[in-house]
Amino acid sequence: MRLRRPGLLSIYVSLGAYVLPALADPNAPEDPNVPEDPLAVFDGKSDAPDFNQLNPNYPNGGSMYCVPTSGADGVVWLHDHGYALLPDASQEETIVNDLAALMGTSPTGGTSTSGKVSGMRSYLERYYDSEYITVEAWDADMWSQAGLEASWQRVKERVARPDTFVLLSGIGFYQGVPVSGTRHCVFLSGYDMTGYEADSAFDAWIHDPFTGPDSSNDWLAFESRVMPSPTRYYYGAYEFPTYPGYTLDELAWTGACSVQITPEPMTLSLLLLGGFGVLRRRAG
């Protein structure tokens with residue numbers, strides 16, 4: 001029999017993130033060591049696995065399996081944080097192969113955006129009701145500073161959620177002429193915006209399926225770069241040998257995908273009421 005609801009642990013994790021801040025003392029003095037933006041630094045998903053896409057058991061050695069492998073990082077991270085119906089790390093290859101099949105990943109051509117979204121949703125629906133699953137993918141608006149900042153703020157807000165993981169995609173080098181190559185997808189474990197003036201520039205802490213498995217955070221520096229309109233080209237994943245004339249400051253991300261499993265609204269409401277009841281009894 002298949003159970004279909006998120007576990008209590010996942011609900012309590014969500015409560016800790018969304019309810020406890022509201023209980024803070026509003027008259028407490030400001031801490032001068034806290035940055036203006038409370039989410040200027042986030043590393044809450046650094047404990048995710050770092051699976052390796054270059055596995056001889058995958059078609060074509062896994063060279064085009066960055067999306068299902070990064071997705072497997074996220075699936076296991078959710079399992080380890082309360083969603084116990086999902087497979088654990090011991091089932092790494094099965095998870096990757098199942099995701100690749102559902103996403104329509106080509107051993108030579110990779111994974112499309114639509115395949116990534118539909119495949120991830122179909123996979124999670126094996127374990128949880130569809131009404132609790134949200135899978136979204138979007139392109140980063142690289143043509144204006146305002147659009148670039150909005151795209152990054154959307155990623156930043158999603159990755160900080162306790163019931164969500166984010167894949168950063170379309171990573172490659174930019175140059176104003178077409179060059180053959182491949183874009184890349186990674187699991188976003190955190191970020192650091194300190195030291196940057198622009199609201200869209202950041203160091204990305206990632207689990208990179210091309211350099212795994214080491215269960216550590218690689219990082220990439222993304223400067224705030226508005227691309228010329230109307231043409232843009234993004235080619236060559238950054239781990240691959242760079243093309244002549246390319247430098248790391250031409251590195252860009254062009255899209256993202258967020259995956260979320262939320263508790264049932266009724267169960268969450270009951271837990272909220274129960275939690276406040278406990279606090280009231282303790283206060284009394």
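Derivation of every value follows stated rules applied to the coordinates shown; laboratory data play no part. Keep in mind that what you see is a predicted model, and the values were worked out from it rather than measured. Cβ: placed from backbone, ideal geometry, glycine included. Neighbour counts: every protein chain shown.
Computed values, structure above
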{"read-out": "Separation in nanometres of the label points that stand 7 Å from Cα toward Cβ, at residue 80 and residue 161", "value": "2.1"}
{"read-out": "Potential extension, residue 113-residue 130 segment - 0.36 nm per residue separation minus Cα distance", "value": "4.2 nm"}
